[in-house]
Every structure is written in C-alpha cells, then in structure tokens.
C-alpha cells in the first residue's frame, strides 16, 4: 500500500513538472507609456489594458482563460473536489429574521439555489411563505438582491437589484401585504440603500456614466434625493449635494420612529465624518454634532429627545455617548466609556442598549440600561462571531446569527425581558464538526507587535513541517477578519490542510490605533505582520515554504501581491483575488478615489515614495523564484476594476522566468464578489482548490 501511495505522489509531481516546463503564455501587447512622478520615470507598458472595451483585451482574456482551464484540468482530483464541494454546499440555510411591521422577513436557500429566496411570516418561528425569488429574474442566477429595506410602517419593501455583480443598483418597491410590485423604479444608485421617511425614502446616486464607462468611470459628485412612492424618478427631490467637494459622500436617514433626521458627510476616504441632526417637528435646519473629520460619529438611535451615538473621539476602541437634542451636543455625557475591548456597534431594543464587543477578535454581547449601567451579558453558543444584531427599539426581542470556523451559521432569538434564548434555525452540513479544532495564538511581528492568529485543522495534527497550509489575511480599511464558517474551506481541511487567519494591522481588531498602524506610510506593517505569520507557522513546524499557500481578496489581494515581491521564498502558492495591484493609478477608476485616505495618492510626493515602494505591479523583479500564482478577477468588477489584475498578470508573466505557473482566471458576468450565484462560486472554488492541491502536492481522500 505504501508503495502505491508513494508512486501516486511521484506520478503527480512528475506530471506537474512536465506541464510547468511546457507552459506557453499568450502573447501580450506592450505600449510605450512612461509617466514622470516627481522626477521618477515610471514605465506602464500595459496601460492599454485599462480600456475594458479593447478587442485585443477581450481576446487576451479568452486566451488566458483557456490556458488556465487547460492547466487546472490536468489535476486528476478536480472532479472529485467539485463533487464534494457540491455535496457540502447542498444544505438548507437561513438568515436571521428582520422586522417589517407585523411581518418577519427571512432569506432561505434550499442548498444549491443560485440566490437565496426572501420569505415572510407573521410568526418568527414558522409559517414562512415565499415573497420574492431572485432566481426567477435570470436564467443563470446573475441577478441578485443586494439589499432589502422595509418601510418603518411595514407597508412597503424596497429591494436593491444588482446585475452581474456590479455595484450599480436598481431599486424596486413591493407592497408587503400583497407582494405586488409597484411601478416605481430608481436607477443609477451606488453605495447606498434606502432610508425610509414618511411616504418615501432618501437615497444617494451618481450621475449616469457615459456610454461604455459604467464599469470603470470615476464615481464622483453624489447627490441625495428623496423619492416619493408612486411618482417617477424624474420627480425625485434633490436634498443635498456638494459641487465644491465632488469626492465626499453623504447620506440622510432617520431613526425607527422618524422623529429625527440625520445627515452624515464623509470626506475622501474611510476616516472621520461630519454628523448633523434635525428634529422633524420643530427643527428648521440641520444642527452640527461635530465640527471636523478627525473622528467617527455613528447614530445608534434616539429615545425621545435623547440621541445615542458611538464615537472614537479620544476613545480609539469607541465609546457610547448621548445628549439632549434641545440642549445640543454640549450636553453630551459618556454612558458607556471606552474599555479594553472594541465596541463594534450597539442597538436599542426594549428600553435597553445591546452592545457588541470584540475581545481578541471574538464577539461578546452585553446589555446596559439607558443610563449606561451594565445589566447582563448574553451567553453565545461558543466563541465566534455574531454576524450582526437585528433589533428595533419598540421590540423586546432581538435576533442574531452565530458562526465560527467549523460552526455553521445558526440563528437565535433572545428576549431581553425574560432572558429566554431560542434557536430559530440550525443547518445540517455534511461534515463532522467534532473532527476539527481551532486555536488562537499570538506571534511577534517584525517590530515586536503581538498579532493574533487563528489556526484550524483536524484533531491529532502532527507538527512535522509537512502540512499543506493556507494563510489568509486582509489588513485594511478598519475591517476585522472574524471567525466565520465557509463551506468551501471544508474540502481543504478534510484533506489534511491547515487553515490560518492572521489578524494583521490595518483592520479594526483592536480599534482605530490598530487600523492606523497599517495605513498610509505605515502600510509596510501590514506586509511585515503577514510575513511574520508565515515565519511563525514554519518555525513551529506547522508547515514549510513548499507547503504554504497564501490568499487574500481586494485589499487582501494587494497584500498577496506585495508579499510575494518581498519574500517569495516563503510561499509555494499565491492567490491574489480582485486585488488593488497598481498603487499609482487606483484613484482614477470608479470609487478608487475614496481609498486615498487609506493608501495615500501618487499625486502627492510623500505618498508616491511609499506607494511606489510596495505597489505589486511596479515591484515585480526578474531573478526571483515566484510561487505558483493564480490571479482571480471578474469582468464586471466595478469596485476594483479588473485592469489591476490584467496588468499585474501580464507583467508577472513577462518578467518571471521560472517554472511555476503564473495564471489568471477571469469570471464573466460577475463583480467584486457579492451576489455571485452558487453555481459560479462552486466552479471558481473548484478551480482554486485544484490549483492549490496540484501545486502543494496534495491528493484527495475522496
């Protein structure tokens, strides 16, 4: 038996070596393009790939996809991986119920439906009937519900529709009682939901793009409109715009009882906002709560005249304050002071404050009275992630979903008055949960900073340095990477893989200071944290460079591109997904300008120096032994335009002269990730795992 197994691996490696030696990349056009940045000439030979309508580009994409599929199809376990993924994904799942007047709304999926279906019921625990099935909107599942928003009176439901994964939305209105679709249509909405007030709602939209520019043109100069139900969009009332500051974003919204209106204005990027309030009955204009963009202010709710806010002003891990609207912000008092753990968000329900904290990247839910006195902690099923709280201030019940790495999403109902917690839904997934274990470790980064990291694997793991391992991270935009369940991950774990999540700087795991330590000129800390995570796994015999794969998406794709330029010796496989790869031009497309606060801009001399130093596209070097690279992107990604991935792949294929494959997989009729149909997800994950298994020398157990 041993000889047969050894022979199988030997044949696999021999096959891989032969294929790698024969790989021929499609010919890629180059242009003479050079830009001068503060005295530095920077070549950009693949600038032509920024024209997404170029016929040569479309031909290049077709040839690259053909090459990638030809390569991946050589892995003998591909069909087994797909079959197993399909089997794992084929389980019934449901989201947490949300409130809509007398109804409860819930998304459900019977397993392999491309899009989840919206149901409604007058009872939280049963009698749900189908209300809206987005699978009926298209034959291939590429039309998705991006959001739902019930009116505060429970009469209407606004539905945001996304096509082919684009961030552009169309909004339709349904009668919640009858299910009838109204004639209202609101178009060219982006990065906005609906904020109900009276007989209509506020929304933010951008000018209609020029022909052929809808997927890459700059999204600037948003406007807030008010749409009244039963009227055409042409009659919508313009409520706010700022022609002098086209790179600001804003929104108008109200609380549950519509007693107040709020206006939030964000500057160019993700840090800080201006917040205003207006009392609907008496107020004649918006009153400022703060005067500059230095800190974040977020409305929780109002109770009568008292307005509750979460802010990080002089509190990097956040605090909750309140003030009397009649007296103004000068009367503000701290109800829940900053603690050693991050206050993620809070809701008001049943005359109480429900606050969700993050303690070493796992959630804790605490309940306070309206004066800020601690009442109790809601016991969660295990250590993991709540995924959000569904609450209204006129209800004593709340709903939340819970999951962890090997703990599929469950949904619970909790009564704040009686302390009774009830299971709403528990999925049945085809894997043995008790076969796996999760532990959290803390390792030292290059500068001595302690960084948390989760490690998930089968019980009984032998630390021999020979375990296939996937290291994942994000590291940016004040976003935490928390424990969560993924059906796609099970295939890797079942086949002896180790899944690792590193909570590197740049996120919100430990508040705003943790975020700031990984942005702008400190972005190198993010890469150092990730590299140190890999070194920890190798030093502690979890894996070795020949068995280590790395993965990240969007800002995390940038991370992967940067670290394989800096330390290619540490990794065998790299999976940069929908990544920001050209750090000198990202601000020129769609919403990229909004990331300048996070990254800086090449139009600023100081920023240019550090951006140019780590930009994945510009730091590809000859003479390096790069890992096997599979770039993934989508043709309708209008957040991180696919040109980033195209240019990066072309440059890497040109410069790298080794034997590891440099491939790109371009999905069609898909975007940055949201709304992707299950069928496309399974196809993509199958290809990614096949690439990983093949290059890590893994055989399937199926």
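Rule-based calculations on the coordinates, nothing more; no lab input. This is a predicted model, so every value here is computed, not measured. Positions of Cβ are backbone-derived with ideal geometry, glycine not excepted, and every protein chain shown enters the neighbour counts.
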With the convex hull built on the alpha-carbon atoms of the range 518-571, volume per residue in Å³ sits at 68 Å³
All Cα pairs of the range 138-264, percent lying beyond 20 Å: 46 percent
Expressed as an acute angle from 0 to 90° and rounded to the nearest 10, what is the orientation of the C-alpha long axis of helix 78-89 relative to the principal long axis of the chain? 20 degrees
Run lengths n ≥ 4 of DSSP H only: what is the helix-derived mean residue ellipticity at 222 nm for the chain, with -39500 (n - 2.57) per run over all residues, to the nearest 500? -6000 deg cm²/dmol
Cα centroid distance between the range 384-456 and the range 489-539, in Å? 20 Å
Between rounded, prolate and oblate, where does the range 310-462 land on the alpha carbon gyration tensor, with a ≥ b ≥ c its root eigenvalues, rounded for a/c under 1.5, else prolate if a/b exceeds b/c? oblate
Below 8 Å between Cα atoms, with a sequence gap of 6+, how large is the relative contact order for the range 339-428 in percent? 19 percent
Could you work out the relative contact order of the chain? I mean the mean sequence separation of Cα pairs under 8 Å and 6+ apart, divided by the number of residues, in percent. 12 percent
Take the range 339-428, drop everything but the C-alpha atoms, weight them equally and run the Debye formula without solvent; then report log10 I(q)/I(0) at 0.12, 0.19, 0.21, 0.24 Å⁻¹ to two decimals. -0.34, -0.85, -1.03, -1.30
Please grab the % of Cα pairs in the chain that end up more than 44 Å from each other. 22 percent
How high is the relative contact order of the range 507-609, in percent, counting Cα pairs under 8 Å that sit 6 or more residues apart? 23 percent
Calculate, in whole percent, how much of the Cα-Cα pair population of the range 202-321 lies beyond 18 Å. 60 percent
Distance between the C-alpha centers of the range 60-132 and the range 551-626? Whole Å please. 32 Å
Tilt relative to the chain, helix 605-614 - C-alpha long axis, 0 to 90 degrees, to 10: 50 degrees
For a label point 7 Å along the Cα-to-beta-carbon line of residue 279, residues of the range 216-260 with backbone N under 17 Å: 255, 257-260
Burial-style ranking of 403-415, 186-198, 24-36, 60-72, average other-beta-carbon count within 10 Å with highest first, yields 403-415, 186-198, 60-72, 24-36
Just check the range 392-517 against the gyration tensor rule for me: Cα atoms, a ≥ b ≥ c as the square roots of the eigenvalues, rounded for a/c under 1.5, and otherwise prolate or oblate depending on whether a/b exceeds b/c. oblate
Going by average Cβ neighbours within 10 Å, how do the peptides 677-686, 156-165, 557-566 rank, with the highest at the top? 557-566, 156-165, 677-686
Between residue 92 and residue 539, what FRET efficiency follows from the Cβ-Cβ distance if R0 is 51 Å, with the result rounded to 0.05? 0.75
Rounded to 10°, Cα long-axis angle of helix 555-566 versus longest principal axis of the chain: 30 degrees
By average Cβ neighbour count within 10 Å, what is the ranking of 666-673, 617-624 from highest down? 666-673, 617-624
Over the range 56-151, how many percent of alpha carbon pairs lie in each 5 Å bin up to the one with the longest distance? 2, 11, 14, 14, 14, 12, 10, 7, 6, 5, 2, 0
